[in-house]
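Below: one structure, written as structure tokens.
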Amino acid sequence: MWNNVKDRIYESVDFNSFLGKVFLNLFLGFIVTGISAYLAITTGAVYSLGKLGFILFAILSFVLVIATGVLRNNPVLAGIAFYLFCAVEGILIGPVFLIYTKAAIFKAFIATGVSFFVMALLAMSKKIDFRQYSSFLFAGLIALVIASIVNIFLGSSTLDLVISAITIIVFMGLIAYDLQTLEEIAYTDGNAYFAALNLYIDILNIFLAFLRIFGRNEEE
């Protein structure tokens with residue numbers, strides 16, 4: 001009996017340590033993104049890249065996401081891929097800070113923080129097992145991608161608003177899902193970079209969706 005208690009204590013300590021690493025990397029990842037965005041703006045890189053440049057960086061971003069997952073059994077390489085991804089994201093979202101007002105950015109930042117906090121509390125309470133809704137969440141994600149591509153050609157502001165609202169809902173669900181799968185990751189490969197990547201993508205998408213909504217409201 002005493003051995004079982006000790007095992008549970010050790011497991012709890014290990015998971016808490018893993019959780020600390022995930023949130024530390026998540027925080028540092030956003031710091032890297034912020035610095036990258038700042039440098040991209042102040043050096044004028046966002047102006048000189050052009051449409052082709054942004055497309056190439058978007059492809060690089062996608063490759064680095066895959067690389068972080070593929071290299072999850074190698075913490076060093078996974079870490080390099082993760083932070084490179086964060087830096088590339090800074091370049092990609094740099095124009096956001098030129099397009100939207102400080103007020104809209106601040107509102108989006110606060111709304112994103114509140115959304116994450118609420119979903120984190122809900123996920124950690126385990127009153128709802130979001131893992132059983134994974135198929136619905138990923139189906140919603142695919143629907144969002146398709147709708148976004150369609151709206152590139154339609155250019156509908158109403159559809160853009162709907163897409164933004166659904167994006168927030170889907171990624172809030174994914175935050176809870178990813179938080180509830182942290183324990184599984186901790187006791188398998190234990191890659192904190194891969195876990196941080198999932199949460200980073202969730203939070204960034206929610207922030208950008210809120211930004212489109214608040215930016216739209218200011219224009220009106």
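The values are calculated or read from the model by the stated rules, or taken from the named source; none is laboratory data. Computed from a predicted model, the values in this text were never measured in an experiment. Positions of Cβ are backbone-derived with ideal geometry, glycine not excepted, and every protein chain shown enters the neighbour counts.
Collect the residues in segment 75-103 that are small (Gly, Ala, Ser), surrounded by 16 or more Cβ atoms within 10 Å (Cβ to Cβ) and either out of contact with any Lys or Arg (no Cβ under 9 Å at 6 or more places or on another chain) or modelled with pLDDT under 90 (or both), keeping them in residue-number order. Within segment 75-103, 79, 81, 87, 90, 94 qualify.
Pick from 78, 87, 103, 67: which is touching a Ser or Thr at 6+ places or on another chain (Cβ under 8 Å) and farther than 19 Å from residue 35 by Cβ?
78
Considering the conditions (1) of a type outside the set (S, T, N, Q); (2) touching a helix residue (DSSP H, G or I) at 6+ places or on another chain (Cβ under 6 Å); (3) under 15 Å from residue 205 (Cα atoms); (4) without any contact (Cβ under 8 Å) to a residue 24 or more places away in the chain, residue 140 is excluded by exactly one of them, (4). Applying the condition of being without any contact (Cβ under 8 Å) to a residue 24 or more places away in the chain and buried (at least 17 other Cβ atoms within 10 Å of the Cβ) to segment 58-74 and asking which residue is nearest to the chain's Cα centre (by Cα) yields 67. Just one of the numbered conditions (1) part of a helix (DSSP H, G or I); (2) charged (D, E, K, R); (3) touching a residue at least 24 places away in the same chain (Cβ under 8 Å) is not true of residue 51: (3). Criterion applied to 167, 158 was being modelled with pLDDT under 90 and over 30 Å from residue 16 (Cβ atoms), and the one residue passing it is 158.
Given the criterion surrounded by 15 or more Cβ atoms within 10 Å (Cβ to Cβ) and either touching a Lys or Arg at 6+ places or on another chain (Cβ under 8 Å) or under 23 Å from residue 126 (Cα atoms) (or both), identify the matching residue among 197, 204, 208.
197
A single member of 55, 99 is within 20 Å of the chain's Cα centre (by Cα) and over 22 Å from residue 194 (Cα atoms), and it is 55.
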